[in-house]
Structure formats: C-alpha cells, structure tokens
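S.K.: This is the structure, below, for whatever I ask next.
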Amino acid sequence: MVRKTYSTIGRTTRRKDGVSKVTGREIFASDVVLPQMLHARVLRSPYPHARVVSIATAEAEAMGAVCLTPSDCPAWLYNERQVSIPEKTYRDRTVLPETARHVGEGIAAVAAKTEALAEQALGQLAVTYEPLPSVFDPWEAMAPEAPRLYKDIFLGDVVLPIERNIACFREMREGEVEQGFRESDVVVEQEFRTGRVYHHQMETKGVVCRPEPDGGISVWPTAQSIHNVRQLLGRIFNIPLSKINVHRIPIGGSFGSSIQMNTCIAICAALALKAGRPVRLVLTREEDLYDHCKYPSLIRLKFGVKKDGAIVAGEMTTVVDIGAHNIQAYPLLGCMAGWFVSLYRMPHMHFQGTAVYTNKAPACAMQGYGNPQVSFAVESLIDVIAERLNMDPIDVRLKNYVGLGETFWGQGPTVRSVIRSCGVEEMLQKGKDLIGWESRNRPEARSGRFRRGIGVGRSFHTSGTGAPMSGEVIDYSTALVKFNEDGSVDCLTPLMCHGGGTLEALTKIVSEETGVPLSKVEISPADTRSTGYDVCTHATRGVYCGGASARRAAQQARGILLQFASRILEVNPEALKIRPDEDLGQGVIYLEGAKGKSITVGEVAKTAQIKSWGTAIAVVSHRQVNCPPCFVTNFIEVEVDTETGRIRPVRAVAAVDAGTVINPDLAAGQLEGGLCRGIGLALLEDTDYDPRSGALTCGGNITDCKIFTALEMPLTEDVATFFAETEEPSGPFGAKGVGEAANNCTAGAVANAVANALGLRFTDAPMLPEKVLARWTDYLREKRGA
Amino acid sequence: MTTYPVRFLLNGTPVEVDVAAQDTLLETLRNKLWATEVKNGCGKGDCGCCAVLLDGRAVNSCLTLAVQANGKEVVTVKGLGNEDDPHPLQESFIRKGAIQCGFCTAGMIVSAKSLLDENPRPSPDEIREAVSGNLCRCTGYKKIIEAISDAAPKCSPSD
Ligand code: FES
Ligand code: FES
C-alpha cells in the first residue's frame, strides 16, 4: 500500500524531553524537595503471615518522629487499581493492615527531618506479632486445610467470602470443545510455566505529599494515572476531589509497576496529613522488590488440529499465584482468555482460570498483562503441532491466524472488535527472509558443543480497551488543545510518558492536525485539577486512545481558529487550510490557489485576542470504539552451550504492525527494549522465595535478582527491527499501539529457537543454565539408552 | 553525631559540606548539594544509576563515602554539558534514541565518558564491557551502545 506522507508523523525528530534527560535536569518523584519536608520510612513485616498485636511508638515519638500505625488509618478497604467498574473491583487492603500477609508488607511508618533520623526512629518502634501459618504454593493454598489469608473481602460493595484462598475463578466456552477434540486428527497438550518476574523499573516507587491549608493535599507520585490516584485518595481519606491535586511527574520506567496507586502513596498521604507537613517516601530497592511482581503462570494448553494444520479446538487451564492481594486478577483472567482465543481461530474453545492467594508479594500487571505468558504457551504449542504434522511452523501460523475482517476478543469477553488492519503475513514473510529461515536446519543435523537454532514467535496486544459498548473496564481520554497568541500551541493531557515517547507522539499528532510546526507545539505540565479524566497510560493505549482525543481537540480548536481567520481574510472558513512553515516557525493559513489570501496562525490568534473574539481552544473527552491489535513477530537465533547449558541469543528480528508509526526511532527502541525483557522472561528472570521464611532468596539485592546487562545481551549489531506497512482506519492518522506488544512474543520465539537447536523443548521459563544442562544430560542418556 | 567538613570541586565549583563518617557521596550529593541528577537506583552498587566521575574515573557514588571525595574533583552528568553546549555523548544519546525513561541516563553517560577518556575508539564489545555495571530496563542497550560509538570520534578528553 502507498503510505500517506505527513509533515511530522512518521518522521524521526529530536525528542523534546531529550535535553532535560541527558543533562540531568529531569525531576522525578524522588527528586522533589519541598520546604519543611519530612522523610518517611516504612516498617515492614518480617513474617509472611502475622497478626500485628501492638505497635509501641513512644520512643520514636520522643525522638521527634511522626508515627503512623493501623489505628491512625481509615479502615476502608481499597484496591489500588481503579480501572474496573466498581462492581468488578475486589477490595482487600487498608492503608496499613492489622494482619501482615507477606514478608515486606508495610505495617507502620514514621516521618522525621532526615532520612537517617527516620531510619533511627523506625528502629525504635516496638512491634508484637502473632505469627500465623502461611502458604506459598498455590496448589497447597487451595487445599481445604491450608491456612487462609482472608475470610472475606469486598467485591464492589458486597461481602465476598473467600474459600480455599481462591481469589476469583473464570470460565469461558465457545462451541463444543470435547466434540472439537474428537473431530481432530492430532491432539497436542503440554504444561507451561513462567516465573514471578520483578518489574525492575530503574526508579523505585516514590511519592511526595503536601497537606494543604484547605484540608486538601497535593501529590507528586510515581504513577501511570494521576486521576486514579486522586480518586482513591479522595475515597480513602474522605477529601473532596476538588481539594486533591495530583501532579504528573516523569517516571523512571514503569512496565506496569505504577499502573495502580502504589501503596506507598496512601501511606505517605496519611503521614503528611497527620504531620501537617510535606512528606517524601521513596522505597529502597529491597522494599520495591517486595512491592509487586509480574503474574507468574501455570498454563495447561491443549490444541486439536486437522491433518492440514487447521486448529479445531483449544483448551487452556491456568492457575495464577497472585500473592497476598487481589489487585486485578479478575480482568487478568479475562485478558488471558482473550489473548488465548485471539491469536488463532478455534471454532471450539474452553478457558478456565483460577487466581489464588498466597503469602507472597502481590502480583500486578507487567508489560503484556498475561500475554507474554499465554503467547509463550501458544507459540510453543504451535511449533509442536508443526513438528507433529511435519509442516513448516510459519505455514501453521499463516493457516490459522486471526486476521483482517475477523472478530477478536481483545482484553476479555466484553472487549470484542473487528480487525481492520493486519500486517501478520507481511511480518512473517519479511522476517523469514531477514533471519534466513530457509537455511534453518533440523536439530538432528547439528553436532558439537555449541548448537544454534532459529525460532519464530508471534503475538499481539490490543491498543487500549475501547469497544462499542462500555464493559467491565473503563477506557476514555481527555485532551485540551489551544492556540497561543504567538501562534504556538499547548496540548494538555493527563497521559504519562513511560519513556517510549507517548507525549512526543501527541505533539506530532497535534502539530499535524493544527498545521503548526512541531517546534511550536508543547505538552503542558498536567495535574488532576487542570485536566479531564484519562483512565491510565496502560494497555498500549497512549497513542491510539490518548492521541485520538488530542487529535479531536486539535481539530475543534483549529475550527475555531479558522473561523477567526475567515473574519480577517473574508473567506469561507471551510476553504482555508493550514501548512507548517518551519522557517517562519508558524502555521500559515491560506486559501488554495488565491495569492495574498494568507496569514499566520500567530497573527490570527493575536488579532482574536486584541479584538476580544476569544481563544481558539477545545477540550475533548473521547472513547475509542475499537481496540485494534498491534501484531508483533520475533525471529530469534540462539546458541546453546551444551557443556554449560547457557543459552545465548545471537540474532533477532523484531517487527510490529503498529499502523502508521508516529515516532519511528522511538518505536524501534520499544521493540528492542521489549525484546530484551522478553528474553529475560525466557532465560533469566524470576523471584524465588525461601519456603521457610517466606523471604525473597535474593535478599532484596538486584545482583541476585538479575536482569540482562549490556554484556550479557549480545544483541547489538545483530538486531533488526521493522514495521509492517499498514494503516488503522480508527487510529489517529492510522496509528495503533506498540508498547506492551513489544515483549509479548519473545519468550515463545526463544523456546522455539532452543527446541530447534537441541531437539528438546523447554516449557518452563526461565530456562536457566542448570536446568538446561540437567535436561540435556538426561536427554542424551535416554537417547543412548534407546 | 560527629561530622567532618569535606571540601571538593563539584562540576568545577568548590563546595564544602559537613558529613558523618558513614555518609555516602550519593546521599551527600543528592540531599545536601541538591545534585539530584545523580540517581539512586539501588544504593548497593548494583545498578550504576549513581555513577559520577571522581578525579576523572567513574565510581558508584553509593559505594563511595563522602569523606573519600575530600580534596578531589567530582563531575556529574550536569558537569559534562548543558542545553546550550551539550557534550557529544549527550547529543548522541538524544539523536540515537538512547534514552527512554532517562533514569539510567546520567550514570550511563558518566560511565561512557570515563571509557572514552581511557579508550577514545572503543569497539562495541569494549563499550558493552564498560557499561555492564549500568543497568537499563528500557532500551535493551542497543541504542546506548550505538550512541557511545557515534559520540567517540566527536569527543576529546577536554570535553
Ligand atoms: S545506586 Fe549506586 S549502584 Fe545503584
Ligand atoms: S532509559 Fe529507562 S532505565 Fe534506561
């Protein structure tokens, strides 16, 4: 297809926040300093499960510290994640709990003049605990005699009894799955596991809170949604929202770690309100490690196929160990079902998902929200099908993928939409050429210590959670665009940039729509008082949903500006156009073909001000009625050292179908970063617990909870990225998302590459060297024995 | 608590600050000298976000005691360049897309500067090695390594 050409969209430009980031001038939450500010520290449970009998604060208070214990905090149960509709929101926690349910759960807090003093005061708190029996394994947790984490919690406003530690259960069916398996020629089935990966965002969670004289509070948090932070604080502390102002502040990486209102925010707000002074609370790395992690998964997956490779039936059963709090397990299970049924057509399907409480750090969304886990299983099993039917794995994918014109589930059963743009085939074909698929051998052809193999994996993510009707998940965005009196443009949005360039993309969308050069379009600082609601910068929705609202606001403001211009130029406003003139640093309004009928945007805006006509300004709240899939494909070559078990990724091709790509360089960066995290999920990352103490075995040190460094990530010259040439009719200038999709297919591609190298399939990630070596040794022994 | 006066040059400006024996250079820079460009990603020597040049060599300021800086020269990323006159490394990081969230960036650039001072034309492998103490969760490192390679020929030790 022929791509439209734009003045800024799709062009690589110097990112606007670049200078402040490279010169160290960017201010993150942990850098905020306010006059009279106190520093907070949190006392954390050393027990995985214990009742807090008493906390003596006298000595800490004698040192001048302000102390916060459960009895100081509102008893209202909350859920830190605020995107499900209220009746689907599970509420099980308070600001500080009377029962600690995992090691590292905050049970008291202090604030003092310096961090050192706060640390000392923390040491003076005397706590009496009554240790309770604990459980760490989800299967054991579901046994009738297992220790119970909760008797009941709230679902919306209804008391929900919790039986056998099952936080929630979902089941979905379409067709007749048993009949589907009976009609199949081949049935394949395997169990897959992924680890409890830590987000590892480089900035630990933090917040600064300032109580205000009117009884309100101002907040500078690490957060992906300033509005949800405000709503929750208002509800917990019973403060009118008009008196709470949450500021957007750059975040040092998120990957989902701040998708909710982090618990440290509620603790810090309570301390600040009690102290009557600003308080800063920044988590240590150890505390952060105990705060959240990715949902680990155990997936049993079964496919029934015809001889020609057509999938007839699919069944997935999953058990998810959610840790000590149910942050968003209900939508997670819906999404996992959606990811499962939307990759490949299956006339008959059955999904069952169980989320189980255990005494571990709570799991929350992490890039992909269950999708990397599901795609790891699905993509692995697709290769098993190819193997069984002696087909090319790419052909099995091409035969079955859900594509153009078909309905897909998106994020669960209430988020269904029709696919209107699809680059699946293009990515498979082009990626195949780039990696040299034709030269890919069978494992039997390999010998020697180092064995290489090539694997493919594909996946997708939805761009947001929009749908024709409102469902279980809230999704809309609000943006304001205004023309300033010198011809520059302000865009105000509560969206966040996590680093991937979301706000950069918005400036381009607004520049393109208004005709004002990019150098004169800026994103305004945002807070909850000055912006309309935006659900959250999550779900790969920033550009597709947030960008769509900004484009609509720009359109409306432009309409007003052209009305003003038409009064000056004495022409019909509909005949006027605007083009950017970088040399002038202005948008130029002109009448096509009519010389002399032109004027700059600045002159019009200034005239409108002087003549008191008004400001060309518009605010739009908008919900997308679709959530188009951004498809991704990875081809990865690995080298396995059969003597050490170490797997080294040596080459990779990463592609995305993001519709019109707004920031090409930044989108490529997203693909590269996603690849790295996906390889981490496949080969390295997990958080292990000591079953006796319930503590993390890494002891809170990231040296013992590794992510790849530049050295171990030998993918530099050998990583290629490309974009499918598509255009999404419902997206702003044809754009869809990239974000989460970037890491969704990687683990599957790695597993398939390893299987191609060794003839041995690993279904439990991470594939650590010791595991690989042990399996390889057994495999060789069996082969010799046979 | 006993404190000691410590004097050093911070980005070319003489500073004097009272510190306790156990205070780290990181805490002192951030909390007493408002050098918030130096980031705390772990406080334990694991991530490199806190890297600064101490007499020209990159160190993790969280593992360096403030008293160890006495009489020395400390340079942070702010000391390498500013918006009007960016260091070639800073410029390359922007142009090559080597920044995403930017939290690792200050430490990464400082480590790269230390490398280029010792080895003005490093190979990609030498660059990887030099920044292997700097974790970045966002980028996958590819563009960072490219940015450092790109900046190398444009740098002189006096930059
Ligand atoms: S903060 Fe110093 S190495 Fe992480
Ligand atoms: S850019 Fe975010 S950690 Fe490196």
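S.K.: Amide H neighbours of A:Tyr78 under 5 Å, at least 5 residues apart or on other chains, H built in the peptide plane: list them.
M.R.: Under 5 Å from the amide H of A:Tyr78: A:Asp92, A:Arg93, A:Thr94.
S.K.: Right, another one. Counting pairwise Cα distances across the range B:12-159, what percent come out greater than 19 angstrom?
M.R.: That fraction is 48 percent.
S.K.: Would you mind getting me the FRET efficiency between A:Asp690 and A:Glu87? Use the beta-carbon distance for r and R0 = 41 Å, nearest 0.05.
M.R.: Efficiency for this residue pair is about 0.60.
S.K.: Same structure, new question: Do you know the relative contact order of chain A, to the nearest whole percent, from alpha carbon pairs under 8 angstrom that are 6+ apart?
M.R.: Relative contact order for chain A comes out at 16 percent.
S.K.: If you count, for every residue in B:104-117, the Cβ atoms of partner chains within 10 Å of its Cβ, what is the mean?
M.R.: 2
S.K.: Where in the range B:84-98 does accessible area fall by at least 10 Å² between the isolated chain and the complete protein assembly, at a 1.4 Å probe radius?
M.R.: By number: B:Gln90, B:Glu91, B:Ile94, B:Arg95, B:Gly97.
S.K.: Taking both sides together, what accessible area is buried at the B/A interface, probe 1.4 Å, expressed in Å² and rounded to the nearest 100?
M.R.: Rounded to the nearest hundred, the buried surface is 4300 Å².
S.K.: Using the beta-carbon distance between A:Asp214 and A:Glu770 and R0 = 51 Å, what value does 1/(1 + (r/R0)^6) give for FRET efficiency, to the nearest 0.05?
M.R.: 0.30
S.K.: Taking a ≥ b ≥ c as the square roots of the Cα gyration tensor eigenvalues, with a/c under 1.5 meaning rounded and otherwise prolate when a/b beats b/c, else oblate, which class fits the range A:31-132? The partial results should precede the final answer.
M.R.: Values: a/c = 2.37, a/b = 1.33, b/c = 1.79.
In terms of gyration-tensor shape, oblate.
S.K.: Rounded to two decimals, what ratio of Rg to Rh does the range B:3-78 give with C-alpha atoms and a Kirkwood Rh?
M.R.: On the way: Rg = 10.8 Å, Rh = 11.9 Å.
My calculation of the ratio gives 0.91.
S.K.: Label the protein assembly as shown by shape, choosing from rounded, prolate and oblate, from the square roots a ≥ b ≥ c of the eigenvalues of the Cα gyration tensor; if a/c is under 1.5 it is rounded, and otherwise prolate applies when a/b is larger than b/c, oblate when it is not.
M.R.: rounded
S.K.: When you look at the Cβ of every residue in A:703-710, what mean number of other chain Cβ atoms sits within 10 Å?
M.R.: Numbers: counts 5, 1, 1, 2, 4, 6, 11, 20.
For this peptide, the per-residue mean of nearby foreign Cβ atoms is 6.
S.K.: Please turn the phi angles of the range A:409-417 into ³J(HN,Hα) values with the Karplus equation 6.51 cos²θ - 1.76 cosθ + 1.60 (θ = phi - 60°), one per residue in order, whole Hz, x for glycine and proline.
M.R.: Going residue by residue, I get 8, x, 8, x, x, 8, 10, 9, 8 Hz, with x marking Gly and Pro.
S.K.: Spelling out what I want: for every residue of the range A:284-289, take phi, set θ = phi - 60°, compute 6.51 cos²θ - 1.76 cosθ + 1.60 (Karplus), and round to whole Hz; glycine and proline get x.
M.R.: Here the 3J(HN,Hα) series is 6, 4, 4, 4, 5, 4 Hz.
S.K.: Here is a further query. I need to check one value: relative contact order of chain B, counting alpha carbon pairs closer than 8 Å and at least 6 residues apart, in percent. Please list the in-between numbers first.
M.R.: Values: 298 pairs, mean separation 37.1, N = 159.
Averaging sequence separation for qualifying contacts and normalising by length gives 23 percent for chain B.
S.K.: Determine the calculated [θ] at 222 nm for the protein assembly as shown from helices alone, applying -39500 (n - 2.57) to every DSSP H run no shorter than 4 residues and normalising by the residue count; nearest 500 deg cm²/dmol.
M.R.: That calculation yields -8000 deg cm²/dmol at 222 nm.
S.K.: With every protein chain left in place, what is the accessible area of A:Ser459 in Å² (1.4 Å probe, nearest 10)?
M.R.: The value for A:Ser459 is about 0 Å².
S.K.: Quick check for you: with a 1.4 Å probe and neighbouring chains kept, what is the accessible area per residue of chain A, in Å²?
M.R.: 34 Å²
S.K.: For the range A:572-607, which trypsin sites (Lys or Arg not before Pro) are in a loop by DSSP, counting at most 15 other Cβ atoms within 10 Å? Can you show the working numbers first?
M.R.: Values: sites: A:Lys577, A:Lys595, A:Lys597, A:Lys606; in loops: A:Lys595, A:Lys597.
Hits after loop and neighbour filter: A:Lys595.
S.K.: Could you tell me the relative contact order of the range B:80-154? Use alpha-carbon pairs under 8 Å, at least six residues apart, and round to a whole percent.
M.R.: Over the range B:80-154, the number comes to 45 percent.
S.K.: So which GluC sites (Glu not before Pro) in the range A:1-87 end up in coil per DSSP with only 12 or fewer other C-beta atoms within 10 Å?
M.R.: none
S.K.: Under a point-charge model restricted to the Cβ atoms of Lys and Arg (+1) and Asp and Glu (-1), what is the dipole moment magnitude of the range B:3-78 relative to its Cα centre, in debye to the nearest 20?
M.R.: Charge dipole of the range B:3-78: 120 debye, to the nearest 20.
S.K.: At most 16 other Cβ atoms within 10 Å and a DSSP loop assignment: could you name the chymotrypsin sites (Phe, Trp or Tyr not before Pro) in the range A:40-90 that fit?
M.R.: Loop-located and lightly packed - A:Trp76.
S.K.: Then there's this: Leaving out ligands, DNA and RNA but keeping every protein chain, what accessible area does A:Phe154 have, in Å² rounded to the nearest 10, with a 1.4 Å probe?
M.R.: Surface accessible to solvent at A:Phe154 totals approximately 60 Å².
S.K.: Turning to a different aspect of this structure: In nm, give the distance between the simple-model label positions of A:Asp137 and A:Ala56, each being 7 Å from the Cα along the Cα-to-Cβ direction.
M.R.: Between A:Asp137 and A:Ala56, the simple spin-label model gives 4.1 nm.
S.K.: Per 0.36 nm of contour for each residue apart, how much would the distance between A:Ser612 and A:Gln563 grow if the chain were fully extended, relative to their Cα-Cα spacing? Provide the component values of the computation, followed by the final result.
M.R.: Working: separation 49, 0.36 × 49 = 17.64 nm, distance 1.38 nm.
Here the answer is 16.3 nm.
S.K.: If amide hydrogens are placed 1.01 Å from N in the peptide plane, which non-local residues have theirs closer than 5 Å to the one on A:Gly256?
M.R.: A:Gln367
S.K.: Mind listing the long-range amide H neighbours of A:Val650? Cut-off is under 5 Å, sequence gap 5 or more, other chains count too, H placed in the peptide plane at 1.01 Å from N.
M.R.: A:Glu637, A:Val638, A:Glu639
S.K.: Moving to a separate point now. At a Förster distance of 56 Å, what's the computed FRET efficiency of B:Tyr4 paired with A:Ala75, Cβ-Cβ distance as r, to 0.05?
M.R.: On the way: r = 48 Å, r/R0 = 0.86.
After rounding to 0.05, the efficiency reads 0.70.
S.K.: I've got another one for you. Taking only complete DSSP H runs, can you tell me which helices of chain B stretch 15 Å or more along their own long axis by Cα positions and average at least -0.5 on the Kyte-Doolittle scale? Walk me through the intermediate numbers first.
M.R.: Details: long enough: B:105-118 (20 Å, 0.59).
The answer, listed by residue number, is B:105-118.
S.K.: State which entries of A:Lys432/B:Lys142; A:Lys432/A:Lys706; A:Lys508/B:Lys39; A:Lys243/A:Lys360; A:Lys205/B:Lys39; B:Lys113/B:Lys142 exceed 25 angstrom in Cα-Cα distance in the structure shown.
M.R.: Pairs exceeding the cut-off: A:Lys432/A:Lys706; A:Lys508/B:Lys39; A:Lys243/A:Lys360.
S.K.: If you average 1/r over all unlike Cα pairs in the range B:80-154 and invert the result, what Kirkwood radius do you get in angstrom?
M.R.: Over the range B:80-154, the inverse of the mean reciprocal pair distance is 12.0 Å.
S.K.: Whole-Hz ³J(HN,Hα) for each residue in the range A:228-236, computed from phi via Karplus 6.51 cos²θ - 1.76 cosθ + 1.60 with θ = phi - 60°, x for glycine and proline: what do you get?
M.R.: Whole-Hz 3J(HN,Hα) from phi for the range A:228-236: 5, 4, 4, 4, 5, 4, x, 6, 5.
S.K.: Provide the gained length on full extension for the span A:Arg529 to A:Asp641, in nm with one decimal, where the gain is 0.36 nm per separating residue minus the Cα-Cα distance.
M.R.: 34.6 nm
S.K.: Out of all Cα-Cα pairs in the range A:140-287, roughly what percent, to the nearest whole number, are more than 25 Å apart?
M.R.: The answer is 54 percent, as a whole percent.
S.K.: Per the 1.4 Å probe, what fraction of the accessible area of the protein assembly as shown, in percent, lies on carbon and sulfur atoms?
M.R.: Answer for the protein assembly as shown is 49 percent, counting heavy atoms of protein chains only.
S.K.: Want the number for A:Ser621 to A:Ala594: 0.36 nm per residue separation, take away the alpha-carbon distance, what's left? Let's see the in-between values first.
M.R.: On the way: separation 27, 0.36 × 27 = 9.72 nm, distance 3.65 nm.
Between A:Ser621 and A:Ala594, full extension yields an extra 6.1 nm.
The values are calculated or read from the model by the stated rules, or taken from the named source; none is laboratory data. Because the structure is a prediction, the values reported are computed rather than measured. Neighbour counts are summed over all protein chains in view; Cβ atoms, including those assigned to glycine, are modelled from backbone coordinates with ideal geometry. To get the accessible areas, we keep the full protein, side chains included, count just its heavy atoms, and leave off ligands, DNA and RNA. Shrake-Rupley method; radii C 1.70, N 1.55, O 1.52, S 1.80 Å.
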